[in-house]
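The values are calculated or read from the model by the stated rules, or taken from the named source; none is laboratory data. Predicted, not measured: the structure shown is a model, and the values here were computed from it. Cβ placement follows ideal geometry from the backbone for every residue including glycine, while neighbour counts extend to all protein chains displayed.
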Amino acid sequence: MADRMFKPNQRMASAARRGLRLREKFGRGGTDVGVRRAKQLAEGADLSEDDVKSMHSYFARHAVDKDGGTHKWNANDDPSAGFIAWLLWGGDAGEKWAKAKAKTL
């Protein structure tokens with residue numbers, strides 16, 4: 001049986017584009033995997049069940065990044081690496097979406 005496919009929403013795509021811009025500007029945040037995910041989200045590409053599970057796991061592991069003391073969370077002038085990475089995965093909209101979709105899998 002083939003994987004079901006899921007479509008990211010516009011808020012996720014917007015967060016991913018913001019993350020890519022901030023990563024380019026500040027040279028920090030995210031991994032190659034996060035950049036690939038951001039490009040996938042920004043393009044509105046279909047996401048597989050494995051993608052959804054990966055996103056759900058990412059957000060569960062990295063929620064603690066919000067408590068970091070270096071740089072700022074949700075800032076365009078001095079964003080933390082954790083915040084940029086969070087955006088690459090779809091930001092708060094992506095976290096909410098992945099959590100809801102993971103429950104259906």
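Structure above, values below:
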{"read-out": "Those residues of the stretch 42-53 which are in contact (Cβ under 8 Å) with a residue 40 or more places away in the chain, buried (at least 17 other Cβ atoms within 10 Å of the Cβ) and part of a helix (DSSP H, G or I), in sequence order", "value": "ASP51, VAL52"}
{"read-out": "Test result for SER80, over 12 Å from ALA16 (Cβ atoms) and in contact with a Ser or Thr (Cβ under 7 Å, 6 or more places away or on another chain)", "value": "yes"}
{"read-out": "Given (1) of a type in the set (D, E, K, R); (2) at pLDDT below 95; (3) in contact with a helix residue (DSSP H, G or I) (Cβ under 9 Å, 6 or more places away or on another chain), number of the condition GLU43 does not satisfy", "value": "(2)"}
{"read-out": "Of all residues in the stretch 64-94 being in a helix (DSSP H, G or I) and without any contact (Cβ under 8 Å) to a residue 24 or more places away in the chain, the one that is surrounded by the most Cβ atoms within 10 Å (Cβ to Cβ)", "value": "ASP65"}
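Residue by residue, here is whether (1) surrounded by 13 or more Cβ atoms within 10 Å (Cβ to Cβ); (2) part of a helix (DSSP H, G or I); (3) not polar (S, T, N, Q) holds:
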{"site": "PRO8", "(1), (2), (3)": "yes, no, yes"}
{"site": "ALA16", "(1), (2), (3)": "yes, yes, yes"}
{"site": "GLY19", "(1), (2), (3)": "yes, yes, yes"}
{"site": "GLY30", "(1), (2), (3)": "yes, no, yes"}
{"site": "VAL35", "(1), (2), (3)": "yes, yes, yes"}
{"site": "GLN40", "(1), (2), (3)": "yes, yes, no"}
